[in-house]
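Reviewing the structure listed below.
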Amino acid sequence: MQPADLDVFDLRLLAALQREGRAANAALAERVGLSASQVSRRLAQLERSGLIERYAALLKPEAVGLSVQAFSNVSLERHVEELVHGFEQAVARHAEILECYSVTGEADFVLRIVAPDLKAFADFLTQRLLRIPGVRSVRSSIVLHRIKQTTELPLDRVGTR
């Protein structure tokens, strides 16, 4: 995907949306220096172009009873299309897996997993993740304390037209 052709107002608008996705167009207009109708048109265009993927509420996992978070490095037995595709499909079916990345290095995939407690995490690992066909090994790190987590992209590093 090519980088979007964004001007300074698009970047300001996107930055404001990243901080407060529920802001009204009038409030966004005030923050970025445009009229509410201009903001509305720009938002519609950014959504149509696929630049804005979706809107979401960010929940605190602990507040809903998911107090264990782990990063798991998964290695497959072999790198054949059938095993990789099967693994990716299995990952998509497990709600406990919030993110999955295909990576370089010692592991083939890195997963971010949540669970209510350590027992539930261990059960998920042994009863589900390790039973996916082709999984050779899983090495997990349990999060002790979150230092930084953001969904905001550094738009000040993006060039403008």
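Brief remarks follow.
Yes/no matrix, rows are residues, columns are (1) in the same structural domain as residue 16 (by TED's automatic domain parsing); (2) outside any loop (DSSP other than H, G, I, E, B); (3) closer than 30 Å to residue 18 by Cα:
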| site | (1), (2), (3) |
| --- | --- |
| 113 | no, yes, yes |
| 120 | no, yes, no |
| 123 | no, yes, no |
| 130 | no, yes, no |
| 153 | no, no, yes |
| 156 | no, yes, yes |
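- Residue 39 vs. criteria more than 30 Å from residue 25 (Cβ to Cβ) and of a type in the set (Val, Ile, Thr): no
- Index of the failed condition, residue 99 passing every other in (1) in contact with a Leu (Cβ under 8 Å, 6 or more places away or on another chain); (2) surrounded by 15 or more Cβ atoms within 10 Å (Cβ to Cβ): (2)
- The single residue among 93, 42, 22 that is modelled with pLDDT of 95 or more and over 30 Å from residue 134 (Cβ atoms) turns out to be 42.
- Scanning region 107-142 for residues that are of a type in the set (A, V, I, L, M, F, W, C), within 20 Å of the chain's Cα centre (by Cα) and exposed (fewer than 15 other Cβ atoms within 10 Å of the Cβ) yields a single hit, 142.
- A single entry from 15, 44, 29 fulfils the requirement of being small (Gly, Ala, Ser) and either closer than 30 Å to residue 125 by Cα or in contact (Cβ under 8 Å) with a residue 24 or more places away in the chain (or both): 15.
- Residue satisfying all of: in region 45-78; within 22 Å of residue 131 (Cβ to Cβ) and in contact with a helix residue (DSSP H, G or I) (Cβ under 8 Å, 6 or more places away or on another chain); surrounded by the fewest Cβ atoms within 10 Å (Cβ to Cβ) among these: 77
The values are calculated or read from the model by the stated rules, or taken from the named source; none is laboratory data. Since the model is a prediction, treat every value here as computed from it, not as a measurement. FYI the Cβ positions are ideal-geometry reconstructions off the backbone, even for glycines, and counts take in every protein chain you see.
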